[in-house]
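The values are calculated or read from the model by the stated rules, or taken from the named source; none is laboratory data. As the structure is a prediction and not an experimental result, all values here were calculated from the model. Cβ atoms come from the backbone with ideal geometry, glycine included; neighbour counts cover every protein chain shown. Just so you know, the surface numbers come from the protein's heavy atoms only, side chains and all, with ligands and any DNA or RNA stripped out. Shrake-Rupley method; radii C 1.70, N 1.55, O 1.52, S 1.80 Å.
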Amino acid sequence: MTEGLKLSRRRLLELTAMSGAMVLAPRLAWAGEPQRGGHLVISSGGAAAGDSLDPRTFNSPYGAAMSGIIYNNLIAVQGPNKELVPELAHSWEAINGGLSWVFNLVEGVEFHNGKILTSEDVVFSLRRHAEPDSRSSMRSVISNLVDIRADGDHRVIIDLPAVNYLFPAYMAHFTLGIVPAGTTDFTGIGTGGYKVTNFAPGEVLEMVRHENYFKPNAAFVDSVELLAINDPSALTAAFQSGQVNMTSGLDARSAGLLESMANLRIFKMEGGGYISFNMRCDIPPFDNPDMRLALKLAVDREDMLQRVGAGVGSIGNDTPVPSNDAVFSPNVEQKRYDPERARALFESVGYTGPIVLHTSDAISSRAVDMATVFQEHAARAGIPIEVQRDPADGYWNSVVGVAPFHVSARSARPTADAIFSTAFLGTSENNECKWVNEEFDAAIIAARAEENLERRLALYERAQEICSVDGGTMIPFFSATVQGTSADVDGFNVGAVELNGYRAVEQVWFT
Amino acid sequence: MLSRIAVIGSLCLLSAMVLAALLAPVLAPVLPNEMVYPAYAAPGPGGVLGADGLGRDMLSRVLYGLRYTLVITFAATTLAGAIGVSLAIASGLLRGWFDILVGRAFDILMSIPHIILALIVLAILGVSMTTLVLTMAVLQSSTYYRVTRPIAGDLSAMDYVEVARLRGERLGWNLFREIFPNMVPSLLAQYGLGLSSATLFISSLSFLGIGIQPPAADLGGLVRENALALSAGRFTPLVPAACIALFCLAVNGIADWLVGHFSERPES
Amino acid sequence: MTLMQGSAVRSFVVARIASGLVSILFISFLVFLGTALLPGDAATAMLGQEATPELVESLRQALGLDQPLLIRYLNWLWDALHGDFGVSLSNGQPAMAMLLPRLENSLILAFSAAVIVLPLAISIGLVAAIKKGRPFDTMSGLVSALFLSMPSFMIGYVLIYVFAVEFRLFPAVSSVRASTSLTGWAWALTLPVLTLVLVAQSHVLKVTRAAVLGVMGSDYILMAETKGIPRIRIILLHALPNALSSIVSICMITMAHLIVDVVVIEAVFSYPGMGKLMVDAVAYRDIPVVQACGVLFSAIFVVLNMLADLLGVLVNPRQRLPRRGV
């Protein structure tokens, strides 16, 4: 690996958490020998009748799950430590002092329609996100790039507007699946381990094994069915009854009940995913920072974690960085439940209209409960909140990022930069709260180019400070992901990102 | 004999449930939204019926849920009766185009599936206690109209109406004294059936997530809230569902007895 | 008892069809009017956050929202008659295209339930009539009343708990699609169909029993009884044919109600039907989809009720049956 930088490889690794040399994620010790065959049923929530197979439109857990089965990214995130591992790019490196990144593609990768992957396909797939009609959650990231260009058939060079050592992690985002160049009708043609045979939006995605899959030791089961089950109790019942072989998004509180069942395996993982209360900073009363702070002080985080998260997880401080993250700053003051101060702040704002908090089972079975618990906490601070429970189908499209005050969720991202950049930067299309803070933005952008670790940590500390106090996102706690498989499924690896970076389907087999 | 036991049982059950709903604030061990137990605490340490997913006392929630359900049910059914009966009497009295118009309107109202119409109306007006009660009342008023209209008959042609008119007496009192007693048995039976269908209706709406909004929950909403526990092997979600069933059983039992007793069976 | 003359039957048929059409027209107007009165019109809804006053205005013109209400209704009705209910606000697909496969699923569910519940409940009702006052009659009446009092979602959940979670005989989530095999359909539909059957049986049973007993009370049956003809023979040969018109219409009415009952059942079993589509569309105010579902549900309901009356009269012109509300 050639570095265009005067940095040791070790140093670079430290900075970017990249490990382009790894071939496969380590398997768990109990895993037996992989076997071919079988029909795997996996389920996910967050599906809607309006879903499409265009990776650009993926914005829900269901979309992420689809992406991980039928498409490949350049890079994947694997394991509990969020390692970046090769997918369609077998290696990557920074050139021009970190201003450009080169991705070297695996040769001979075949799409489901027989076409061979070239760098043109990658350029096409990535550029689409920046097009005017794009509503991609990666739109702001991609449209800020200087250029995405092919250098021969198997090299893609991405030119950045500013130095960013953390850039490769973006390429693992589930919306950045690679499709054949020129695709206009998205029927699910990708390079993934399974090709689509039937897609009923909001209901089911059916797939069979892609026989010429480029990964030699992957995609063991013959066919896969991705069921859309938005209702958490239906999901639990379906999983328990054996109708579903593998699922993420189980409720932490029912985990205890499920663990005792011999036919199921339950995996709990403290991750960086969270459920948040989003306040639209461009809509009154949430455009007032005092109002936002009042609400943040009106939530009893410990109580919320105990009640809703079954005590598994860690307290949040309204920044997306969990305490086990490398750039987490312990110096940012942890906000505590302070009804008196919350009341004083709320009264100083003088807002008398209704405060309606939208929530839905679409986010998680806990989303409605979290809103309800918060309502109780806030009531003690004299802040009246109305909880509006919306149906699951379509919630992600119609409420998240639209309603003035709503419950949303984010899964764990490979780096703090990835989550800050997509969900918190003022320029991001995917900034659900429409929160704009120039100092914060400057800190995040500077951190990308900062090669000194201490200085970078200082920048992140400042960013977390601002985000915690001023931001529009309330993050009461970081939840543990609870995933499960039936006992006859082997090879399931637990990762910080759900379904092991959404690639679990091609990694498991039936015993 | 059997039917007498049934009706006495129904009456006891009904009064017990109405009392429980009325006295919910006294009977409930804790406030319905207070989180006092660990999540999904088992019955015993976690209260009589255990706790729900947020550690709220199920018994208290069921009592308050019953209160919500009954308030909406009785309000909507009574209002429906008032609308239906008064329009029937007005039709009988005024005849002519008013009669025809109201009759046609109710014909149409009855020919539309109520839950579909309710879905549309609630989508337009938004969900609140008032809109729920009003929507249900209007939808159900057609049955009362249909039961009452034939009894009200051709009021304007009746002697005492003429007399009252000539004497300049108040029409309202006469109507009430002369006509209403005729209607009582069939109206009561209809009211009973109306109560049970209103209960099932509001429960279904809440179950679909477009009834009472959290943290308040009526019986249907409680079933939805706790469905997760059921799939994990808990019976608690069935308690509010059973309350709905028992209430309907009781009012149906009484209504059936009324129908049999006065042998003026309203059309089923 | 006077026979209804041919012309009387004809005019009844015409009047009944006309009133059915008026009902459907009224629903369509209500659906249209209601959605036209919604705060924030389709233009703002479609543009969402990108809405600027100029954009909204131009889209309003493009959609014809600046025209008088009646013109808009007629235009909408004209398109609707051609199966065009506009495009879904949430995903831009034609509402009708989203709806048709869902409608098919709902019809399959309702029809399967009807095929089971009608013969079953009619036979039970018949036996109950034959054995009036005997234990079978009382028991069937009690059990039927018990299920009538239960909310349908409760029946559904109990069935899921017992048959899917405890015994693992049937799936908890009824996932079906075009490629599902016949056995696959049967497997997936068992629990929702069973729920619907338990919900619908009570009414069929009651009406059958009442219709047969009603005919039994008439003069010629009493005459036959005094002649000493056995009761079972009387019921099968004399009473049943005369009660047929009631039974035919109850079949149609049951179908009509099953179509509407699926709304709740689909939510319980996550079944991809039209009811679930509509409930979700209502909550998001996806107007074209709500309109399409509302009109379609109501039209099916009205037509089946109309058929109930018409068939009832055609089977036995001597009887005109009262219609039943919802």
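In region A:219-242, which residues become less accessible by 20 Å² or more once every protein chain is in place, relative to the chain on its own, using a 1.4 Å probe? Going by heavy-atom accessible area, the residues of region A:219-242 that drop by at least 20 Å² are A:LEU227, A:ILE229, A:ASP231, A:SER233, A:ALA234, A:THR236, A:ALA237, A:GLN240, A:SER241. Loop-located trypsin sites (Lys or Arg not before Pro) across region B:67-108 with a Cβ neighbour count of 15 or fewer within 10 Å are B:ARG95, with loop assigned by DSSP. Considering every alpha-carbon pair of region A:436-489, the percent of pairs per 10 Å bin, from zero through the bin containing the longest distance, is 21, 34, 22, 11, 12, 0. Here A:LYS335 sits with roughly 20 square angstrom of accessible surface, probe radius 1.4 Å. Remark: spin-label model distance A:THR184-A:ASP133 equals 1.0 nm, labels positioned 7 Å along the Cα→Cβ axis.
Using the Cβ-Cβ distance between C:VAL115 and C:ASP79 with R0 = 35 Å, the FRET efficiency computed as 1/(1 + (r/R0)^6) comes to roughly 0.50. Once backbone amide H atoms are built at 1.01 Å from N, A:ILE95 has A:SER100, A:TRP101, A:VAL102 as its partners under 5 Å, excluding neighbours fewer than 5 places away on the same chain.
Protection proxy ranking, highest mean first, for peptides A:210-219, B:220-229: B:220-229, A:210-219, where packing is the per-residue count of other beta-carbon atoms within 10 Å, averaged. Ignoring ligands, DNA and RNA, please state the percent of accessible area on region C:180-326 from carbon and sulfur, probe 1.4 Å. Using a 1.4 Å probe with all protein chains present, region C:180-326 comes out at 68 percent carbon and sulfur.
Which percent of the accessible heavy-atom area of chain A goes to carbon and sulfur, probe 1.4 angstrom? Carbon and sulfur atoms account for 50 percent of the accessible area of chain A.
If you average the sequence gap of Cα pairs under 8 Å that are 6 or more apart and divide by the length of chain A, what percent do you get for the contact order?
23
A DSSP coil position with no more than 14 other Cβ atoms inside 10 Å describes the following GluC sites (Glu not before Pro) in region A:101-159: A:GLU107.
Across region A:232-278, the fraction of Cα-Cα pairs farther apart than 17 Å, rounded to a whole number, is 35%. Accessible surface buried at the B:C interface totals approximately 3700 Å², computed with a 1.4 Å probe on protein heavy atoms. As I understand it, the value is the acute angle between the Cα axis of helix B:180-207 and the longest principal axis of the Cα atoms of chain B; what does it come to in degrees, rounded to 10? Around 30 degrees separate the two axes.
Computing Rg and the Kirkwood Rh from the Cα coordinates of chain A gives a ratio, Rg/Rh, of 0.95. P(r) tail for region C:243-290, what percent of Cα pairs lie past 16 Å? Counting every Cα pair in region C:243-290, those more than 16 Å apart make up 52 percent. Sequence-distant contacts, meaning Cα pairs under 8 Å at least 6 residues apart, place the relative contact order of chain B at 24 percent.
Taking the three principal axes of the alpha carbon atoms in region B:199-255, the coordinate ranges are 36, 25, 15 Å, sorted in descending order. From the Kirkwood radius over Cα pairs of chain B, Stokes-Einstein at 37 °C and 0.692 mPa s returns a whole-number translational diffusion coefficient of 161 µm²/s.
Taking a point 7 Å from the Cα of C:TYR220 along the Cα-to-Cβ direction, the residues of region C:235-253 with backbone N closer than 20 Å to it are C:235-249. Sorting A:351-364, B:3-16 by their mean Cβ neighbour count within 10 Å, with the most densely packed peptide first, gives A:351-364, B:3-16. Note on A:136-146: average number of Cβ atoms from other chains within 10 Å of each residue's Cβ is 0.
Over region C:192-270, the alpha carbon radius of gyration divided by the compact-protein estimate 2.2 N^0.38 Å works out to 1.47.
For the peptide A:372-380, the mean number of other protein chain Cβ atoms found within 10 angstrom of a residue's Cβ is 3.
Scaling against 2.2 N^0.38 Å puts the C-alpha radius of gyration of the protein assembly as shown at 1.02. Taking chain B as a Gaussian network, Cα atoms linked when under 10 Å apart, which of B:PHE98, B:PHE201, B:PHE74 shows the biggest mean-square fluctuation? Maximum fluctuation in the GNM of chain B, among the listed residues, is at B:PHE98. Considering only A:LEU357, C:MET216, B:PRO45, the residue lying farthest towards the positive end of the dipole of the protein assembly as shown is C:MET216, judged by Cα position with unit charges set on Cβ. Peptides C:275-281, A:246-252, ordered by how many other C-beta atoms sit within 10 Å of their residues on average, highest first, read C:275-281, A:246-252.
For peptide A:363-370, the mean count of partner chain Cβ atoms within 10 Å of a residue's Cβ comes to 3. With the largest listed first and rounded to whole Å, the semi-axes of the equivalent ellipsoid of region C:234-316 from the Cα gyration tensor are 35, 14, 5. Restricting attention to chain A, close to 75% of DSSP beta bridges with both partner residues there are antiparallel. The alpha-carbon atoms of region B:74-122 define a convex hull whose volume equals 76 cubic angstrom per residue. Of all aspartates and glutamates in the structure, those lying under 18 Å Cα to Cα from C:LYS132, and not within fewer than 8 positions of it along the same chain, are B:ASP256, C:GLU225.
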